[in-house]
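*Asks:* Take this structure, written in structure tokens, and hold onto it; I'll ask about it next.
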Amino acid sequence: MPELIDVLDENGVKTGRVVTRKEVHREGLWHQIAVVVVLDDSGRILLQQRSANKETNPGKWDIAAAGHVDAGEDSLSTAKREAEEELGIVADDLQYLLSYCRESHYECNGEPLVDRQRFDCYVMRKTHIDVDTLQLQSSEVQSVKLCTITEFRKMIEFGEMVNRMPLYEKVIEIMEQR
């Protein structure tokens, strides 16, 4: 069954229209994404390497978990679901961090696409993260690692990360305050 997504207006308000994920991208419709940042008590950030089979940004490094908000779902519920599905992390203690919008143009399977997304970003702190015990969803994630602020900055600078710049700036600010 295709994934159904609520269409948003340019202000992030649901329009009442529900379409498939394929349609939302093909038509360039605004939709919502939930993002989860995970930081440990040592001041490191948990990053995931996207599966090489992903349509967008295959093999790039990304924030711990992210995903489309399903029709009828809110971004907090999606954030919790994605953290558990992609990494096996129960994310009961998420805190809202920020929201931002981005419009991207790219090609997927030879077809030009416009991606208009509203990102709702959450952060959680874990006392200890053992990357070897995380349960990775192989269709989404091929690897994970913990990075210091210096390593994280270099990965951004060298284009190794999925572009989530407004979020990365806020995360670096939080990591610096530690």
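*Asks:* For the structure I just gave you, tell me whether SER75 is surrounded by fewer than 15 Cβ atoms within 10 Å (Cβ to Cβ) and either among the hydroxyl-bearing types (Ser, Thr, Tyr) or touching a helix residue (DSSP H, G or I) at 6+ places or on another chain (Cβ under 8 Å) (or both).
*Replies:* Details: surrounded by fewer than 15 Cβ atoms within 10 Å (Cβ to Cβ): no; either among the hydroxyl-bearing types (Ser, Thr, Tyr) or touching a helix residue (DSSP H, G or I) at 6+ places or on another chain (Cβ under 8 Å) (or both): yes.
Taking the combined requirement at face value, the residue does not satisfy it.
*Asks:* Continuing with this model, one more query. Filter region 85-133 for residues that are of a type in the set (D, E, K, R), loosely packed, with under 12 Cβ neighbours inside 10 Å and within 22 Å of ILE174 (Cα to Cα) and give the result. Step through it out loud before you land on a result.
*Replies:* Going through region 85-133, the residues of a type in the set (D, E, K, R) turn out to be 85-86, 92-93, 102-103, 107, 111, 115-116, 118, 120, 125-126, 130, 132.
Applying the additional criterion that residues be loosely packed, with under 12 Cβ neighbours inside 10 Å yields 92-93, 103, 107, 111, 130, 132.
Passing the criteria: ASP92, ASP93, ASP130.
*Asks:* When both residues are 6+ apart or on different chains and their Cβ atoms are under 8 Å apart, which pairs have a first residue that lies in region 76-88 and is small (Gly, Ala, Ser), and a second that is open to solvent by 60 Å² or more (accessible area, probe 1.4 Å) and outside any helix (DSSP H, G or I)?
*Replies:* ALA83/VAL90; GLY88/GLN135; GLY88/LEU136
*Asks:* Kindly indicate the residue of region 135-153 that is hydroxyl-bearing (Ser, Thr, Tyr) and outside any strand (DSSP E or B) and also farthest from ALA66 (Cα to Cα) among those meeting that condition. So that I can check it myself, show each step before the final result.
*Replies:* Within region 135-153, the subset hydroxyl-bearing (Ser, Thr, Tyr) is 138-139, 143, 148, 150.
Still in the running and outside any strand (DSSP E or B): 138-139, 148, 150.
Details: SER138: 15, SER139: 13, THR148: 21, THR150: 23 Å.
Here the residue is THR150.
The values are calculated or read from the model by the stated rules, or taken from the named source; none is laboratory data. As the structure is a computational prediction, the values presented were derived from the model and not from experiment. Neighbour counts run over all protein chains shown; Cβ positions are idealised from the backbone, glycine included. Protein only, heavy atoms only, side chains kept; ligands, DNA and RNA dropped before computing areas. Shrake-Rupley method; radii C 1.70, N 1.55, O 1.52, S 1.80 Å.
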